[in-house]
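Take a look at the structure below.
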Amino acid sequence: MQAWLISNLVAGALFAGGIALGVAVRRNRLWREATGELARRRPVALGVIALFVGVALLDSVAWVGGVEAGEDVVAVLEAQSVIDRAFLGFQEKSYSAPFASAEFYGGARLAHPGRHPLGTDILGRDVLYLTLKGARVALLIGGLTSLITIPLALLFGVSAGYFGGRIDDVVFFVMSTLASMPGLLLLIALIMAMGRSTLSVCIALAVTGWVGFCRLARGETLKLRELDYVQAARALGVSEPRIILRHILPNLMHLVVVTFVLMFSGLVLSEAILSWLGIGVDGSWGQMIDRARDELSRDPIIWWNLSAAGAALFVLLLAVNFVGDAVRDILDPRTLRENL
Amino acid sequence: MSSVLEVEGLATSFPMERGRVAVVDGVDLCLARGETLALVGESGCGKSVTALSILRLVPKPGRIEAGRVRLGGREIQGLPVTEMRRVRGREISMIFQEPQTSLNPVVRVGAQVVEAIRLHERGSREAARARALELFERVRIPDAAERLDAYPHELSGGLKQRVVIAMALAAHPKVLVADEPTTALDVTIQAQILELLRELQRELGMAILLITHDLGVVNELADRVAVMYAGRIVEAGTRAEVLGQPRHPYTQALLRSMPALAKRGERLAEIPGTVPWPGNWPAGCRFSTRCPRVMDVCRAREPEATRLSPTHTARCFAVAQELAT
């Protein structure tokens, strides 16, 4: 019973963190205006993302309930989240087309006729359920990897750019070394070395993905370091750590936000590619697409598995990219003054 | 004369193609309480590096090679870094050329002034904010209370420069180094800022080291003037001496090239050539390549400073000869 507790705590922490972030954004006028502008420009895309986030959170909140009489005990114990519970018992024996009342092959009557809006897969699992489960995996891959990547890249990039000299040499050497290896090979090697798990996929994606943003952060720090307000801070006797925290990092935040949003979609896509290679994360849309490959050659064709996963992936990434473009326009230093 | 700032033999070098070159080479300055000294020169003559060297803020790969800087009687060149940080802001403060970039764009201006205050003073955030408001009023920012919560991009250039000055004054420095404080502003605002600096100096009794290439600004504000050329001070004296009776050929040429003194319809006088790059300085007097009164000795040896009055010196063989005859 530990797993559900941890899962609930994590979900709670994420929720609280989201609210804290929201409050922090509301309190800073620059960010408040930027988010307000974003909401004005991209209400639909933001709504879509909120929907996916909501589904992912529901999928993370464990449902703790006793086993009722007549329920399949194994299924109940496996069903841990709210979403799992909602789809409990929607099991069929084999393929069913969307809204069908009989099995796709053979025509045997379904246990829940007409209750599968996206059909079922070869094992009789509801495709809508699997698709909704995929949202959590996608957000986890994108979010967790970014959470590893961005602080890492900021740490190395800012210290390399700010202090220069030997630190810069070391960071640049590491970056060049990583950048000189083929990304996909490195990714596969890392996942193989660490074993297949969600965390190891995230770490592998982070290790191969931090170089780009690190270089960006380093370059921007090099520029900021020479600016008059940093010089002025030194002339007023501000210490180096304080200059970095107060004058360098806040001026990199727009880059962080833009990079996060744009990196997110890239990461989710990378995971789909990894799944296609057979080393992705269980339950991801990439895996659904991979499984659906063979179904396309069946006759009559099984199209709903591929379509559901592909559409979910497409809609999420489209929304993220729309938001990302808008964020970049709003936070771009060159247009910052006109917008705020 | 009690001086708050004494600089002796200051030399700062930067690496060039042919090894390290002293961009500032043996500069002596002296600044009394409540006095304004203007450091004048063309671009690239080492004015700003001199100022940064005094605060020990020379950017890498520059290096201070020699010299003593005494601030309020205390030698500060050898101070440890943490001690030096305490000197900056509290005893000597600096304002920069560009008010547009001298303020952090993502922090409210009030918070930036509060930060400057709390660096050097214990006390609550509220007390610091009250002090910030007082400083804003002191630098004549209209609607000071509202402006505390403004972001830099919401202020005009002149207001930004006032905020910068307020920050520099936060810890009551004895010396204010102003690196071209009005260059980036338009003319009407320039006059206001100069007026403000003059008032603040009168009220607070601080000394100002004014770095500029604008002789008009010098005439407005300076008590004494030091003219710099190619890393050396070539002429120094009171404002009346240097601007009224310039002796060094460079100062004379500089004054002749001022549009305000030129006659209408006449071609403006200019100094032929450009300041030689550091490292390409001629042997002997550094002005010898452009000097109208150049003699053989100028190309062979560097002139020493010749004392023309208790306050007036010029570094020129021709001036020394005139004086001798």
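Dipole of the stretch A:171-276 computed with +1 at Lys/Arg Cβ and -1 at Asp/Glu Cβ about the Cα centre; of A:200, A:176, A:275, farthest Cα towards the positive end is A:176. Comparing mean-square fluctuations of B:16, B:228, B:206 from a GNM of chain B with C-alpha springs under 10 Å, the top value falls on B:16. Within chain B, the longest run free of exposed loop sites, counting trypsin sites (Lys or Arg not before Pro) that sit outside DSSP helix and strand states (H, G, I, E, B) and have at most 12 other Cβ atoms within 10 Å, spans B:123-262. Only lysines eight or more places from residue B:60 in sequence, or on another chain, were considered; those with a Cα closer than 22 Å are A:223, B:47.
Given R0 = 51 Å, the distance between the Cβ atoms of residue A:5 and residue A:273 translates into a calculated FRET efficiency of 0.90. How much net charge surrounds residue B:30 when only the other residues with a Cβ under 11 Å from the Cβ of residue B:30 are counted, with Lys and Arg +1 and Asp and Glu -1? So the environment of residue B:30 carries a net charge of -2. Which angle between 0 and 90 degrees, to the nearest 10, do you get for helix A:127-163 versus the longest principal axis of chain A when only C-alpha atoms count? Once rounded, the angle reads 10 degrees. Exposure proxy for A:329, B:186: other Cβ atoms within 10 Å of each Cβ, ordered fewest to most, give B:186, A:329. Applying a 4.7 Å Cβ-Cβ cutoff to chain B, the cysteines left without a disulfide-compatible partner are B:30, B:45, B:291, B:316.
Over chain A, what is the relative contact order in whole percent, taking alpha-carbon pairs under 8 Å and six or more residues apart?
Values: 409 pairs, mean separation 64.9, N = 340.
Relative contact order here is 19 percent.
Here chain A is scanned for GluC sites (Glu not before Pro) in DSSP loops (not H, G, I, E, B) that have at most 15 other Cβ atoms within 10 Å, and the longest stretch holding none of them is A:72-225.
Simple point charges give the picture: +1 on the Cβ of Lys and Arg, -1 on the Cβ of Asp and Glu, and for the stretch A:261-315 a dipole about the Cα centre of about 80 debye. Each of B:170, B:151, B:130 was scored by the projection of its Cα onto the charge dipole of the stretch B:119-176, and the greatest displacement toward the positive side belongs to B:170; charges sit on the C-beta of Lys, Arg, Asp and Glu.
Only one residue of A:143, A:318, A:158 has its Cα farthest out toward the positive end of the dipole of chain A, where Lys and Arg carry +1 and Asp and Glu -1 on Cβ, and that residue is A:158. Rg/Rh for the protein assembly as shown (Cα atoms only, Rh after Kirkwood) is 1.15. Placing unit charges on the Cβ atoms only, positive for Lys and Arg and negative for Asp and Glu, gives the protein assembly as shown a dipole magnitude near 1620 debye about its Cα centre.
Of all the options A:239, A:176, A:197, the one that moves most in a Gaussian network model of chain A with Cα springs shorter than 10 angstrom is A:239.
Partner chain Cβ atoms within 10 Å, averaged over the residues of A:56-62 - can you pull that number for me? What the average comes to for A:56-62 is 0. Per-residue ellipticity at 222 nm from helix content only, as computed over chain B with -39500 (n - 2.57) for each DSSP H run of at least four residues, stands at -9500 deg cm²/dmol.
Membrane-span-like helices in chain B, defined here as complete DSSP H runs extending at least 15 Å along the helix axis by their C-alpha atoms with mean Kyte-Doolittle hydropathy no lower than 0.5, are B:109-120, B:157-169; this is a sequence and geometry rule, not a statement about a membrane.
Near residue A:153, within a Cβ-to-Cβ distance under 11 Å, what is the net charge of the other residues, with Lys and Arg +1 and Asp and Glu -1? Spell out each step's value before the answer.
Values: positive: A:215, A:218; negative: none.
Net local charge, residue A:153 excluded: +2.
Throughout, read-outs are computed from the coordinates displayed, never taken from laboratory work. Everything numeric in this text was worked out from a predicted model, so none of it was measured. When we count neighbours, we look across all protein chains shown, and the Cβ atoms used for this are built from the backbone with ideal geometry, even at glycine.
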